Amino acid sequence: GDSVTQTEGLVTLTEGLPVMLNCTYQSTYSPFLFWYVQHLNEAPKLLLKSFTDNKRPEHQGFHATLHKSSSSFHLQKSSAQLSDSALYYCALSDRGQGGSAKLIFGEGTKLTVSS
Amino acid sequence: DPKIIQKPKYLVAVTGSEKILICEQYLGHNAMYWYRQSAKKPLEFMFSYSYQKLMDNQTASSRFQPQSSKKNHLDLQITALKPDDSATYFCASSQGQGNSGNTLYFGEGSRLIVV
């Protein structure tokens, strides 16, 4: 079945350094890919979503490029901020059953940014 | 104001008891979901509903029963509670269905502790 792999469970960075969180996926078709961010004791919120026309989505300084050849959707930011500390989930849209779709989430990467 | 309301936010239950988690969404969405987040399995899909009909069920146990009395309601009844059921349960919704890359919007969660 479809799956998402996030290889880093924990990433610790110093403020100002670049961020790269890895995400690879397996799917029998071409799904949409998402990044969700979850701050402590809050709900997961959409950060980025892949486009169908190969455009690179960007939000709050984060961007991600969908590479179908390598089945990857890595999250990047040029300079980490303290407020970026959170749990980041990569997810793909699954066809689901009966025409509905659900998101399948990776294990998540906890990003901690220190000063 | 939160558009997806979950009640209660926190609850402690005794092993063997029954609880109902409430979810209402005011986004006008047609599809609703339940996800579970615990230390063992972050953001695990449980159920999806579309137009009040069950579309997908990835929960092995029949102790978990979703209930949809209205289009914008999807409650979760849990019977014969076990300590392993301790988790945060997130309700989510999306516009439409199918593999169209619909974004999921999450409620703030109901944190359940079973003692």
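Rule-based calculations on the coordinates, nothing more; no lab input. This one's a predicted model, so the numbers in the text were calculated from it and none came from an experiment. As a convention, Cβ positions derive from the backbone with ideal geometry for all residues, glycine included, and neighbour counts pool all protein chains shown.
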### Query
Which of B:Tyr105, A:Tyr88, A:Tyr29 comes first, and how do the rest follow, when ranked by fewest Cβ neighbours within 10 Å?
A:Tyr29, B:Tyr105, A:Tyr88
### Query
What distance in nm separates the simple spin-label points at B:Lys70 and A:Glu8, each placed 7 Å from Cα in the Cβ direction?
4.5
### Task
Taking the dipole about the Cα centre of the protein assembly as shown, with the C-beta of Lys and Arg at +1 and of Asp and Glu at -1, give me whichever of B:Ser69, A:Thr28, A:Ser114 is farthest to the positive side.
B:Ser69
### Task
Can you tell me the relative contact order of chain A? Whole percent, Cα pairs under 8 Å, sequence separation 6 or more.
36
### Message
If I take R0 = 25 Å and measure r between the Cβ atoms of B:Lys7 and B:Ala60 in this structure, what FRET efficiency does the formula 1/(1 + (r/R0)^6) give, to the nearest 0.05?
### Response
0.45
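Charges at C-beta only: +1 for Lys and Arg, -1 for Asp and Glu. How large is the resulting dipole of the protein assembly as shown about its Cα centre, in Debye rounded to 20?
On the way: 22 positive and 18 negative charges, 71 e Å.
Once rounded to the nearest 20, the dipole reads 340 debye.
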## Note on the structure
Candidate cut points under trypsin sites (Lys or Arg not before Pro) in the stretch B:16-101, DSSP loop plus at most 13 other Cβ atoms within 10 Å of their own Cβ, are B:Lys40, B:Lys70
### Task
Tell me the chymotrypsin sites (Phe, Trp or Tyr not before Pro) within the stretch B:1-55 that lie in a loop according to DSSP and have at most 15 other beta-carbon atoms within 10 Å.
B:Tyr26, B:Tyr51
### Spatially near lysine pairs across chain B, Cα under 14 Å, sequence gap of 8 or more or different chains
5
### Task
Give, rounded to the nearest 20 debye, the magnitude of the charge dipole that the stretch A:3-114 has about its Cα centre when Lys and Arg contribute +1 at Cβ and Asp and Glu contribute -1 at Cβ.
300
